[in-house]
Amino acid sequence: LTAGSDDPIRIEANQASLDDSKGIATYVGRVVVTQGPSKLEADRVVIFTENNQLVRIEAHGDPAHFTQLDTAKAQQTDAYGDQIIYEQREELLKLLHNAKLQQGKNSFQGDMIEYDTINRIVNAKGSEAGDGKNTRVELIIHPQSRETSADQKSAQPTDSEDSAQN
Amino acid sequence: MTDKRSLIRTFALAITCTALVALLYTSDEPELPENYKATDENEPDAFVVNGSYLEFDETGNLALQLESHQGVHFPNADQSIVGTPSVKIYQENQVPWVVNASQGQYFQEDRKLILSGDVNITRSNSNDPPLRFSTEELTLYSDTQFITTDKPVKLEDRLGTTEATGMNAWVKERRVELLSKVRGTYAQDPTHAQEPKE
């Protein structure tokens, strides 16, 4: 859940059923999955394991809610969806149905959103419901106000200073 | 002189025998009530030392083996009390699950075994990751190989540790239900997770 993290994944729930032969564990009832600064909350969470490795987490909720805090930028990412799927190998988060992703003031909405938790890349898609109610993707990007971008500029060393440092 | 001594010895012997008979006769056994049954509810009828009890399934395969250093059978209650029982639960071409405990009560008719005191279930073999449950008390139904407890339980496998209160386990199907207050930890890299102690 937290890109490149080796922290253990902790999970709490009301009940669970573990199918040892299939390597599937299903947690039900106010399920909270945490790893470092990331947290996933849902009504039901299914964890898939292969060769003793956790490979996939599937969360179902109304909606399921994932939060990730980027401590470096002090920025929180909030992701919502009726279904949230986390693919461990690709460290990819898929938000399905009523999908929404919020980073600070910016937000993305659509039927399906893919969020690459390593490179922080968002891929959104509308739905082809085929009944005339196709949903389109909606992006709200707040332009950075002049002061914030100026502050950021002054904080960054200029080229001449850069070369002096090297 | 010798006549006199033998007379004394005979007399002393007589006194001793009389005293012995009197003692035996007035033993402190309470008066037996009229309607006393021949065997009382709590009377055991068999003691088994280092016994091994085997159960087979309908196809004749060994299903369960119960070993104990000491067992006592109570016929009327159809119950056996066994000390430090070790139970092996067998399934077709799978490694048996081994259950150890401080004490066990076996009810023959219900094929029910209640195990208590430091109960742990282990399954370890080369191709399956080791699995270990620990709890204070559980009930094992030997014919269906179903295990249940309402006590706190801890489950350790190569992926991590899970704790809960209450558990149902179907050994044949290798399926477990944790009934409440579930808290689990998945270690990312199995080498981080402690190997469950044998």
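The values are calculated or read from the model by the stated rules, or taken from the named source; none is laboratory data. None of these values were measured; they are calculated from a predicted model. So basically every Cβ, Gly included, is an ideal-geometry build from the backbone, and we count neighbours across all protein chains shown. All accessible areas refer to the heavy atoms of the entire protein, side chains included, with ligands and DNA or RNA removed. Shrake-Rupley method; radii C 1.70, N 1.55, O 1.52, S 1.80 Å.
Worth a mention:
- Residues that are open to solvent by less than 30 Å² (accessible area, probe 1.4 Å), at the interface with another protein chain (Cβ under 7 Å from one of its Cβ atoms) and modelled with pLDDT under 95 within region A:2-18 comprise A:Ile9, A:Leu18, listed in sequence order.
- Restricting region A:35-60 to residues that are out of contact with any Gly (no Cβ under 8 Å at 6 or more places or on another chain) and more than 14 Å from chain B (Cβ to nearest Cβ) leaves a set whose member that is most open to solvent (accessible area, probe 1.4 Å) is A:Lys39.
- Residue match in region B:32-48 (condition: assigned to a strand (DSSP E or B), open to solvent by less than 90 Å² (accessible area, probe 1.4 Å) and at pLDDT below 95): yes
- Sole exception among (1) free of Cβ contacts under 8 Å to residues at least 24 places away in the same chain; (2) assigned to a strand (DSSP E or B); (3) not aliphatic (A, V, I, L, M) for A:Gly110, by number: (1)
- No other residue among A:Val55, A:Val32, A:Val45 is modelled with pLDDT of 95 or more, farther than 23 Å from B:Asn168 by Cβ and of a type in the set (Val, Ile, Thr) apart from A:Val32.
- Screening A:Gln75 against (1) at pLDDT below 90; (2) open to solvent by less than 30 Å² (accessible area, probe 1.4 Å) leaves a single unmet condition, (2).
- Verdict on A:Ala25 being at the interface with another protein chain (Cβ under 10 Å from one of its Cβ atoms) and either farther than 28 Å from B:Leu178 by Cα or surrounded by 22 or more Cβ atoms within 10 Å (Cβ to Cβ) (or both): yes
- When A:Tyr80 is tested against (1) under 25 Å from A:Pro143 (Cα atoms); (2) without any contact (Cβ under 8 Å) to a residue 24 or more places away in the chain; (3) assigned to a loop (DSSP other than H, G, I, E, B), only condition (3) is not met.
- Flag if B:Thr161 is open to solvent by 40 Å² or more (accessible area, probe 1.4 Å) and touching a residue at least 24 places away in the same chain (Cβ under 8 Å): yes
- From A:Asn123, A:Asn98, A:Asn106, residue being modelled with pLDDT of 75 or more and open to solvent by less than 60 Å² (accessible area, probe 1.4 Å): A:Asn106
- In region B:164-198, residue modelled with the lowest pLDDT [restricted to those that are outside any strand (DSSP E or B), within 7 Å of chain A (Cβ to nearest Cβ) and open to solvent by less than 40 Å² (accessible area, probe 1.4 Å)]: B:Pro190
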